[in-house]
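Peer 1: The structure that follows is given in the form of structure tokens.
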Amino acid sequence: MKSISQYNKDWEEKNITIPLIILIGGYAGTGKSTLAQNIISQIPHLNSFPTGIIRATLRDYISQEDNPFLYSHTYDLHQIEGDVREHYLQQCKPIVDAINQAIDFAESEKQMILFDGNHILPGQMNPTNKPNVIEIYLKVSNPNTHMKMLSGPTHNRDISEEQFQTARILHDYIVQRAQEFKKPIFEYDSPRDEIFRIIEDKLTSLYQSTK
């Protein structure tokens, strides 16, 4: 695509210094890692950063007493009394704050980053009003397909029925929020051209904003 190719060229030649930031959200098992690999193959200077790494790091600074949700897998949030969606929001809050700070740092550092993970929360990613930040969400509408993907090669684990029901509640909650905040959301097996069109259009707008 024209703008993607031009951006790669201009970045390498330092004709443009505004780093591209891509956020890929959606629940676990929706194809985020695969999409990230697809995008990086086309925009090779992107650095991949899973949000799970951020969550693990934050545990060194936030105690389990202060935020017990940070210490639980999302599909185990039903084990804590209360609404799993509210638990998920509490789990996401410090991670979202850290991502937003990292985006600001990436801009000052002139470094391109692709964040992917189920803690990229629609409506909470503050820097998305910037012309260089792209926010994309994935979903798996068929529960049976999602169950297989949750236990697939990128997540080599077994999920109980109760864990899966929690996973689907949170999957649907992310989709609902993405729709509410008018964020682009794609089925896991959507043609990649449709997703790359979002990136292409964003880069075209970025070029227009710098003129």
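The values are calculated or read from the model by the stated rules, or taken from the named source; none is laboratory data. If you're wondering where the values come from, they're calculated on a predicted model, not measured in any experiment. Positions of Cβ are backbone-derived with ideal geometry, glycine not excepted, and every protein chain shown enters the neighbour counts. Calculation scope for accessible area: heavy atoms of the full protein, side chains included, ligands and nucleic acids excluded. Shrake-Rupley method; radii C 1.70, N 1.55, O 1.52, S 1.80 Å.
Peer 1: What are the semi-axes of the equivalent ellipsoid of the stretch 6-117, taken as the square roots of 5 times the eigenvalues of the Cα gyration tensor, listed largest first and rounded to whole Å?
Peer 2: 32, 16, 9
Peer 1: Calculate, for the chain, the solvent-accessible area per residue in square angstrom, rolling a 1.4 angstrom probe over the heavy atoms of the protein chains.
Peer 2: With all protein chains present, the chain gives 51 Å² per residue.
Peer 1: Scan around S48 for amide H atoms under 5 Å from its own, H built in the peptide plane at 1.01 Å from N, and keep only partners 5 or more places away or cross-chain.
Peer 2: Residues meeting the criterion, in which the H sits 1.01 Å from N, are L114.
Peer 1: My understanding is that a pair violates if its Cα-Cα distance is over 27 Å; which of K139/K202; K14/K93; K14/K183; K9/K93; K2/K148 do that in this structure?
Peer 2: On the way: K139/K202 22 Å; K14/K93 35 Å; K14/K183 31 Å; K9/K93 36 Å; K2/K148 36 Å.
The answer is K14/K93; K14/K183; K9/K93; K2/K148.
Peer 1: Hand me the chymotrypsin sites (Phe, Trp or Tyr not before Pro) from the stretch 18-71 located in a DSSP loop with no more than 12 other Cβ atoms within 10 Å, in residue order please.
Peer 2: Qualifying residues, ordered by number: Y61.
Peer 1: Based on DSSP, what percent of beta bridges with both residues in the chain are antiparallel, to the nearest 5?
Peer 2: Close to 0 percent.
Peer 1: Give me the net charge of R85's neighbourhood, meaning all other residues with Cβ under 11 Å from the Cβ of R85; Lys, Arg count +1, Asp, Glu -1.
Peer 2: Numbers: positive: R177; negative: D83, E86, D172.
For residues surrounding R85, the net value is -2.
Peer 1: Considering only I199, I95, I80, give the residue with the highest GNM mean-square fluctuation for the chain, with springs between Cα atoms whenever their separation is below 10 Å.
Peer 2: Fluctuation is largest for I80.
Peer 1: Still on this structure: Sequence-distant or interchain residues sharing an amide H contact under 5 Å with I134, placed H: which?
Peer 2: I21, I22, L23
Peer 1: Using the Kyte-Doolittle scale, find the helices of the chain whose mean hydropathy is at least -0.5 and whose Cα atoms extend 15 Å or more along the helix's long axis, counting only whole DSSP H runs.
Peer 2: Long hydrophobic helices here: 32-42, 84-109.
Peer 1: Using a 1.4 angstrom probe on heavy atoms only, work out the carbon and sulfur share of the accessible area of the stretch 1-103 in %. Before the final figure, lay out the partial values.
Peer 2: Working: 2380 of 5110 Å².
Looking at the stretch 1-103 in its full context, I get 47 percent from C and S.
Peer 1: If you wrap the stretch 101-170's Cα atoms in a convex hull and average its projection over all directions, what's the area in nm²?
Peer 2: 6.2 nm²
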